[in-house]
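*Asks:* Got a structure for you, written out below as structure tokens; questions coming shortly.
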Amino acid sequence: MEKERDGPLAAQDHARLPICNVYGLRGGAVSATIMGEQYVVGGDIILKVQGIPVSDAADHRRVRDILTSLPPGAQFTMTVLRLGQVIELTGRHP
């Protein structure tokens, strides 16, 4: 079972999901070892979804529940950190 992490959600945590391409997220491409743990770095960091800050595991679950409850075609917003800039993505739920 995958361990839930606190803190902002890195796009590469879910980049293997095709839906991330629909949302416009960019995953990282550089592998790095940080404090003995292997990570992929360089991608978007999700800061907020629908205005909800993503700072701990409970927020991750809440955001997932909100996104899965959206009807097809519903609009949503996502705030990400991309290449040092905070940007807002707007998408439609497939």
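The values are calculated or read from the model by the stated rules, or taken from the named source; none is laboratory data. Computed from a prediction, not measured in an experiment: that's the story for all the values here. Neighbour counts run over all protein chains shown; Cβ positions are idealised from the backbone, glycine included.
*Asks:* Can you work out which of the residues in region 27-82 that are among the hydroxyl-bearing types (Ser, Thr, Tyr) and under 12 Å from the mean Cα position of the chain (by Cα) is farthest from HIS93 (Cα to Cα)? Quick ask: steps written out before the conclusion?
*Replies:* Quick first cut of region 27-82, residues among the hydroxyl-bearing types (Ser, Thr, Tyr) only: 31, 33, 39, 55, 68-69, 77, 79.
Applying the additional criterion that residues be under 12 Å from the mean Cα position of the chain (by Cα) yields 55, 77, 79.
Working: SER55: 23, THR77: 10, THR79: 16 Å.
Looking at residues that are among the hydroxyl-bearing types (Ser, Thr, Tyr) and under 12 Å from the mean Cα position of the chain (by Cα), I get SER55.
*Asks:* Report yes if ILE66 is within 24 Å of GLY28 (Cα to Cα), of a type in the set (A, V, I, L, M) and out of contact with any Lys or Arg (no Cβ under 6 Å at 6 or more places or on another chain), otherwise no. Break it down into steps so the answer makes sense when it comes.
*Replies:* Working: within 24 Å of GLY28 (Cα to Cα): no; of a type in the set (A, V, I, L, M): yes; out of contact with any Lys or Arg (no Cβ under 6 Å at 6 or more places or on another chain): yes.
Spelling it out, it is not the case that ILE66 is within 24 Å of GLY28 (Cα to Cα), of a type in the set (A, V, I, L, M) and out of contact with any Lys or Arg (no Cβ under 6 Å at 6 or more places or on another chain).
*Asks:* Looking at (1) loosely packed, with under 11 Cβ neighbours inside 10 Å; (2) at pLDDT 80 or above; (3) assigned to a loop (DSSP other than H, G, I, E, B), which one does THR33 not meet, given that it meets all the others?
*Replies:* Every listed condition holds for THR33 apart from (3).
*Asks:* How many of the residues making up region 82-94 are among the aliphatic types (A, V, I, L, M), farther than 13 Å from GLY24 by Cβ and assigned to a strand (DSSP E or B)?
*Replies:* Restricting attention to region 82-94, the residues satisfying the condition of being among the aliphatic types (A, V, I, L, M) are 83, 86-87, 89.
If we keep only those that are farther than 13 Å from GLY24 by Cβ too, we end up with 83, 86.
The next check asks that each one be assigned to a strand (DSSP E or B); those that pass are 86.
Matching residues across region 82-94 total 1.
Conditions tested, residue by residue: (1) at pLDDT 90 or above; (2) out of contact with any Ser or Thr (no Cβ under 7 Å at 6 or more places or on another chain).
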{"site": "ASP56", "(1), (2)": "no, yes"}
{"site": "LEU70", "(1), (2)": "no, yes"}
{"site": "LEU81", "(1), (2)": "yes, yes"}
{"site": "GLN85", "(1), (2)": "yes, yes"}
{"site": "GLU88", "(1), (2)": "yes, no"}
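*Asks:* Within region 40-81, how many residues are buried (at least 17 other Cβ atoms within 10 Å of the Cβ), part of a strand (DSSP E or B) and either of a type in the set (A, V, I, L, M) or touching a residue at least 40 places away in the same chain (Cβ under 8 Å) (or both)?
*Replies:* Residues in region 40-81 being buried (at least 17 other Cβ atoms within 10 Å of the Cβ), part of a strand (DSSP E or B) and either of a type in the set (A, V, I, L, M) or touching a residue at least 40 places away in the same chain (Cβ under 8 Å) (or both): 6 in total.
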